[in-house]
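One structure is given below, encoded as structure tokens.
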Amino acid sequence: MTDLPHPLPDRLEIRPLAKPPVATIRVPGSKSITNRALIMGALSDPVQGCKLVGALESEDTELMVAGLRELGFSVRTDWEESQIHIKRGNHAPVIPASQADLFVGNSGTSMRFLTALVSLGQGTYRLNGVSRMRERPMGDLLSALGQLGVKAASERGDGYPPIVVHADGLKGGHVEVSGEVSSQFLSGLLLVAPLAVKEIRIRAKGVLVSRPYVEMTMEMMRDFGVQVEQEGKTRFFVPGNQCYQSRRYQIEPDASAAGYFFAAAAITGGQVGVLSFNRCRLQGDARFVDILQQIGCDVLSSDERNEFTVVGGLLSGVDVDMNDMSDCVMTLAAVACFAEGPTTIRNVAHIRHKETDRLTALANELRKVGVEVEEFADGLKITPRPLHGAEIETYNDHRMAMSMALIGLKVPGIVIRNPGCVAKTYPRFFEDLELLRDERSAKDIKDSRDIKERKQ
């Protein structure tokens with residue numbers, strides 16, 4: 001499993017910046033894209049396979065890699081070069097192994113995608129994770145697989161992992177799946193549908209949360225050469241008997257990770273650019289910069305440098321629906337602490353089913369630093385108050401650690417407990433955060449006026 005670049009203590013105090021940063025950051029590849037590409041690569045041409053470039057090395061992606069290896073796929077990682085080569089092997093079945101016991105930690109994408117993946121096999125497969133994973137719902141996906149003739153069930157009969165799948169291939173057909181808890185159920189079905197014997201038609205029931213992740217899945221499927229069609233807002237059609245094409249695939253920078261550094265500029269009144277952010281065509285979280293602009297920041301784009309830059313300004317509270325970029329909820333909450341007036345975040349009830357109940361956890365920890373927080377069923381209202389230091393519980397949630405650390409860039413005495421949980425998606429986060437105080441990181445950055453002139 002991924003080791004942190006430098007071992008972190010159990011408690012990490014964040015030192016405030018001495019002055020607003022002027023910095024450029026290169027964030028790692030997208031976790032969501034890396035894990036989807038791994039599934040598509042595994043299901044590609046069995047001889048050539050796929051090469052993934054810019055892949056993310058993290059706990060979540062290594063759990064996916066380990067799961068695919070347990071299923072008999074050849075997966076070679078070169079983390080020094082951020083590359084993965086994956087293939088099935090000559091004459092191997094769609095799922096090479098006929099049985100496997102898979103451990104996915106607390107990786108929701110791995111649990112949902114691998115459960116769908118093994119439905120293409122011939123055999124018995126069990127999937128389990130850490131205690132929190134055994135509290136994360138799977139019933140909607142199990143129901144959908146059952147409609148397609150797959151014997152997939154919760155071992156305890158409660159709709160939660162461990163999951164056992166008795167697979168005999170995926171025949172095809174019509175299926176309904178709820179999209180109200182997680183878009184990963186629909187994405188998982190879409191990923192495996194091309195290799196069904198016959199076409200699969202899917203209807204998403206209820207309100208589909210995190211819709212950009214479904215759009216990401218479909219766009220990547222097309223990138224890998226398979227046909228998928230959306231019919232209206234809730235219906236999807238995938239012809240059967242297809243195969244993903246072998247190819248070299250470039251992973252985009254992680255837009256959620258970039259958001260932490262853009263937020264740092266907002267909080268400190270500094271100027272932070274993220275390299276290659278212009279290439280983020282697949283990720284809904286790339287639109288987080290629009291909210292920062294709405295809240296009072298300047299957002300600047302430089303095609304010459306292939307870079308996006310956020311410049312902090314006078315911040316004002318906003319009222320925003322974040323259903324389409326829910327991984328940025330905690331990031332915006334940190335920025336909201338420094339705004340003039342309240343910020344209301346709406347329509348994100350589904351993040352209660354993430355690594356922790358993120359709404360309750362956020363409310364608890366923000367109150368510790370002095371903020372007034374009203375928690376409601378699908379969001380929060382954050383009213384700034386004078387801030388002070390506090391010891392922050394992370395609930396073993398990487399996004400809690402990274403977002404609350406941002407407050408410490410401005411407020412002394414912020415201590416992050418279990419900072420090592422960032423290994424889940426961004427092992428080098430705290431190392432990169434230190435670049436904001438490093439004068440050398442600004443050596444080739446001009447001030448915001450110069451960037452604006454280039455833009456014009």
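Quick note: the coordinates plus some simple rules give every number you see, no bench work behind them. Worth saying up front: this structure is predicted, and the values here are computed from it rather than measured. Every residue, glycine among them, receives a Cβ derived from its backbone with ideal geometry; neighbour counts consider all protein chains shown.
Quick notes
- Order of 45, 303, 290 under a 10 Å beta carbon neighbour criterion, fewest first: 303, 290, 45
- Taking a quarter of the surface of the Cα convex hull of segment 31-238 gives a mean projected area of 10.2 nm².
- Protection proxy ranking, peptides 324-331, 397-404, 98-105, average beta carbon neighbours within 10 Å, highest first: 397-404, 324-331, 98-105
- Axis angle, to the nearest 10 degrees, between helix 31-42 and the longest C-alpha principal axis of the chain: 20 degrees.
- Size of electric dipole in segment 375-439: Cβ of Lys, Arg +1 and of Asp, Glu -1, about Cα centre, debye, nearest 20: 160
- Kirkwood hydrodynamic radius over Cα pairs of segment 148-271, then Stokes diffusion coefficient at 10 °C and 1.306 mPa s, in µm²/s: 95
- Counting 0.36 nm for each residue step from residue 321 to residue 219 and taking away their Cα separation leaves a gain of 34.3 nm.
- Positive minus negative residues near residue 280 (Lys, Arg vs Asp, Glu; Cβ under 11 Å): 0
- Note on residue 126/residue 367: beta-carbon distance plugged into 1/(1 + (r/R0)^6) with R0 of 35 Å gives a FRET efficiency of 0.30.
- In plain terms, the residue of 134, 26 with the fewest other Cβ atoms within 10 Å comes first and the most crowded comes last, giving 26, 134.
- Close Lys pairs in segment 31-238, defined as Cα atoms under 19 Å apart and 8 or more places apart or on different chains, number 6.
- Straight-line cross-link partners of residue 410 among the aspartates and glutamates, defined as a Cα under 20 Å from its Cα and at least 8 positions apart when in the same chain: 13, 298, 340, 365, 372, 391, 393, 431, 432, 434, 438, 439.
- Prolate/oblate/rounded call for segment 240-326, Cα gyration tensor, a/c under 1.5 rounded: oblate
- With both labels modelled 7 Å from their Cα along Cα-to-Cβ, the residue 80 to residue 227 distance reads 4.5 nm.
- Using distinct alpha-carbon pairs, which all enter the 1/r mean, Kirkwood radius of segment 175-245 in Å: 11.9
- Sorted peptide list for 15-23, 36-44, criterion being average Cβ within 10 angstrom, highest first: 36-44, 15-23
- Per-pair calculated FRET efficiency, R0 = 60 Å: residue 415 and residue 91 via Cβ, rounded to 0.05: 0.60
- Listed from fewest to most Cβ neighbours within 10 Å, the set 64, 322 follows the order 322, 64.
- Expected 222 nm ellipticity per residue - DSSP helices of 4 or more, -39500 (n - 2.57), all of the chain, to 500: -8500 deg cm²/dmol
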